[in-house]
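Colleague: Structure provided below as structure tokens; questions to follow.
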Amino acid sequence: MKTRILFVDDEPNVLSALRRMFHDMRGEWEMAFATDGPSGLAMIAEQPFDVVVADMRMPGMDGATFLREAQTANPGAIRIVLSGHSDRDMVLQTVRPAHQFLPKPCQPAELKAVIARGLALREVFLDERVKNVVAKLDRLPTVPRLYAALLDALSREEPSMREVAGLVAQDVGMSAGILKLVNSAFFGLRTHVASPVHAVNLLGLEIVKALVLGIGLFDRFDKESFRDFDLEKLWGHSFGTGRLAREIAEVEGAASAVREHCYIAGLLHDVGKLVMATNFPGAYREVITACQEGAGTILEMEQRVFGASHAEVGAYLLGLWGVEDAVVRAVYLHHEPGRDRHAGFSPLLAVHVANRLEHELVVIHRGYAINSLDELYLAASGLSDRLPAWREACAAVVDRGADTQEA
Ligand SMILES: [Fe+2]
Ligand SMILES: [Fe+2]
């Protein structure tokens with residue numbers, strides 16, 4: 001079946017350009033075009049769409065209002081907002097029903113990629129339980145300014161490494177944070193990284209972007225409003241899980257892009273905890289207390305109290321923030337990998353195992369209910385027998401980090 005896509009823009013020129021640009025997609029896409037919100041809604045009423053793309057600024061019904069109405073009338077559609085304003089955060093804040101954002105004018109390839117991304121993350125974006133939690137957030141957590149600047153630079157034509165490094169260097173605090181992290185023994189680099197230019201060249205853009213996002217989100221966490229949480233430990237666990245997930249990928253001989261995804265997904269896998277604890281401190285305290293009293297795992301308690309887990313909420317936000325879909329899917333299911341139908345090695349598998357091994361090898365406090373490994377999932381992936389090799393490699397990484405820190 002073809003993917004049904006509705007484009008709404010008040011400028012007929014834009015619509016005819018879209019029609020021309022996507023002519024070659026007719027085999028896969030069934031496209032409809034509307035010049036204003038009300039006629040878009042009328043088309044939805046006739047037959048719902050899989051994807052709805054709307055311009056933000058339109059006379060009469062604006063893009064935000066249209067997408068809100070479309071959300072009610074066509075809840076199963078991925079909603080994308082196009083906006084001349086390049087501040088993604090501001091746009092997503094005002095257009096809460098949007099799942100993806102694209103600055104205008106955009107290239108056809110970019111729009112195609114955003115549509116594909118939205119569809120790949122359908123399960124995450126259209127999860128009612130997650131939507132209910134996210135809808136209760138007064139404000140969406142904002143992304144670090146540097147992260148937004150990097151996304152902006154990347155959405156224009158391919159920036160040079162030097163340009164990217166320049167952006168990173170302008171943020172002195174963030175640069176210091178990145179250098180401190182990548183030079184720690186645990187990161188496992190053989191060279192000393194002395195400058196942002198060096199870091200960007202050595203680690204690549206994707207890793208730098210993920211570090212900026214991770215460091216920024218953790219830095220912003222209001223420790224005063226939520227004292228039950230040991231932020232340092234959660235950051236250590238996140239950083240460690242990324243490192244171990246990458247190690248597992250290396251042991252499996254995964255391609256470099258996959259190793260990168262494993263690392264990033266590990267680093268960001270628990271950001272949902274930060275968001276939930278900051279925004280709903282009372283309810284999250286309840287979750288933690290129940291876990292400490294042995295009522296169940298974090299996941300079970302979150303589901304009981306919120307109806308959705310930190311994995312799902314975190315994935316939704318990472319999806320909104322433009323993190324790659326393989327990473328978002330790995331975060332989404334890191335506690336319930338059995339819900340994924342793919343066999344073989346994947347970032348999801350690496351993060352699921354690394355999360356467990358990190359808890360096992362670096363004991364934070366006893367009595368904490370460690371999430372168990374999903375044996376059935378591992379068996380279905382055909383990689384159960386690799387577990388001892390992964391454990392051994394990860395233990396060596398942890399030992400190396402500990403030795404150098406003591407020295
Ligand atoms: Fe988790
Ligand atoms: Fe975790």
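Taken together, the values in this text are just the output of simple stated rules run on the coordinates, not laboratory data. This structure is a prediction, so every number in the text was calculated from the model and none was measured. As a convention, Cβ positions derive from the backbone with ideal geometry for all residues, glycine included, and neighbour counts pool all protein chains shown.
Colleague: Normalised by the number of residues in the stretch 3-120, what is the relative contact order in percent for Cα pairs under 8 Å and 6+ residues apart? Let's see the in-between values first.
Modeller: Details: 195 pairs, mean separation 27.3, N = 118.
Computed value for the stretch 3-120: 23 percent relative contact order.
Colleague: At Glu28 and Val172, where each label point lies 7 Å from the Cα along Cα→Cβ, what is the point-to-point distance in nanometres?
Modeller: 4.8
Colleague: What order do you get for 159-169, 319-329 when each peptide is scored by the mean count of other beta carbon atoms within 10 Å, highest first? Write down the numbers at each step before the final one.
Modeller: Numbers: 159-169: 16.3, 319-329: 23.0.
Ranked by mean Cβ neighbours within 10 Å, highest first: 319-329, 159-169.
Colleague: Give me the percent relative contact order of the stretch 145-406, please, defined on Cα pairs under 8 angstrom at least 6 residues apart. Please list the in-between numbers first.
Modeller: Values: 324 pairs, mean separation 49.2, N = 262.
Relative contact order of the stretch 145-406: 19 percent.
Colleague: Averaged across orientations, what area in nm² does the convex hull of the alpha carbons in the stretch 145-406 project? Can you show the working numbers first?
Modeller: Values: hull surface 55.8 nm².
If you wrap the Cα atoms of the stretch 145-406 in a convex hull and average its projections, you get 14.0 nm².
Colleague: Counting only helical runs of four or more DSSP H residues, what would the 222 nm mean residue ellipticity of the chain come to if each run contributes -39,500 (n - 2.57) and the total is spread over all its residues?
Modeller: It comes out at -18000 deg cm²/dmol, rounded to the nearest 500.
Colleague: Rounded to two decimals, what is the ratio between the C-alpha radius of gyration of the stretch 1-156 and 2.2 N^0.38 Å? Don't skip to the end; give the middle numbers.
Modeller: On the way: Rg = 14.9 Å, N = 156, 2.2 N^0.38 = 15.0 Å.
Working it through for the stretch 1-156, the quotient is 0.99.
Colleague: I would also like to ask the following. Can you list residues from other chains, or at least 5 along the same chain, whose modelled amide H is less than 5 Å from the amide H of Ile78?
Modeller: Hits under the 5 Å cutoff: Val51, Val52.
Colleague: Could you order the peptides 197-206, 212-221 from most to least packed, using the average number of other C-beta atoms within 10 Å per residue?
Modeller: Details: 197-206: 17.6, 212-221: 20.4.
Those peptides, ordered most packed to least, come out 212-221, 197-206.
Colleague: I would also like to ask the following. Let me check I've understood the local charge: for Phe66, count other residues with C-beta under 14 angstrom from its C-beta, Lys and Arg +1, Asp and Glu -1. What total comes out?
Modeller: Numbers: positive: Arg57, Arg68, Arg79, Arg96; negative: Asp9, Asp10, Asp36, Asp55, Asp62, Glu69.
Taking every Cβ under 14 Å from that of Phe66, the sum is -2.
Colleague: Could you name the lysines whose alpha carbon sits less than 19 Å from that of Lys131, not counting residues in the same chain fewer than 8 places away?
Modeller: Filter leaves Lys273.
Colleague: Residue by residue, what Karplus-based ³J(HN,Hα) values in Hz, rounded to whole numbers, does the stretch 199-210 have, using 6.51, -1.76 and 1.60 with θ = phi - 60° and x for Gly and Pro?
Modeller: 4, 5, 5, 6, 8, x, 4, 4, 5, 4, 4, 5
Colleague: Return the long-range amide H neighbours of Phe101 (sequence gap of 5 or more, or a different chain), with a cut-off of under 5 Å between placed amide H atoms.
Modeller: Long-range HN contacts for Phe101: Val81.
Colleague: Express the relative contact order of the stretch 158-304 as a whole percentage, based on alpha carbon pairs under 8 Å and six or more residues apart in sequence.
Modeller: Working: 122 pairs, mean separation 28.0, N = 147.
Relative contact order, the stretch 158-304: 19 percent.
Colleague: What ³J(HN,Hα) values, in whole Hz, does the Karplus curve 6.51 cos²θ - 1.76 cosθ + 1.60 give for the stretch 329-344 when θ = phi - 60°, with x put for Gly and Pro?
Modeller: Per-residue couplings from phi come out as 5, 5, 5, 4, 10, 4, 9, 10, x, x, 6, 8, 9, 7, 8, x Hz.
Colleague: When DSSP beta bridges are limited to those with both residues in the chain, what percentage is antiparallel, rounded to the nearest 5?
Modeller: Working: 0 of 19 bridges.
Close to 0 percent.
Colleague: Then there's this: List, in the order given, every pair from Lys180/Lys233; Lys104/Lys136; Lys2/Lys209 whose Cα-Cα distance in the structure shown is over 25 Å.
Modeller: Numbers: Lys180/Lys233 16 Å; Lys104/Lys136 29 Å; Lys2/Lys209 34 Å.
In this structure, Lys104/Lys136; Lys2/Lys209 exceed 25 Å between Cα atoms.
Colleague: In a shell of Cβ-Cβ distance under 15 Å around Gly118, excluding Gly118 itself, what net charge do Lys and Arg (+1) and Asp and Glu (-1) give?
Modeller: Summing Lys and Arg as +1 and Asp and Glu as -1 gives +1.
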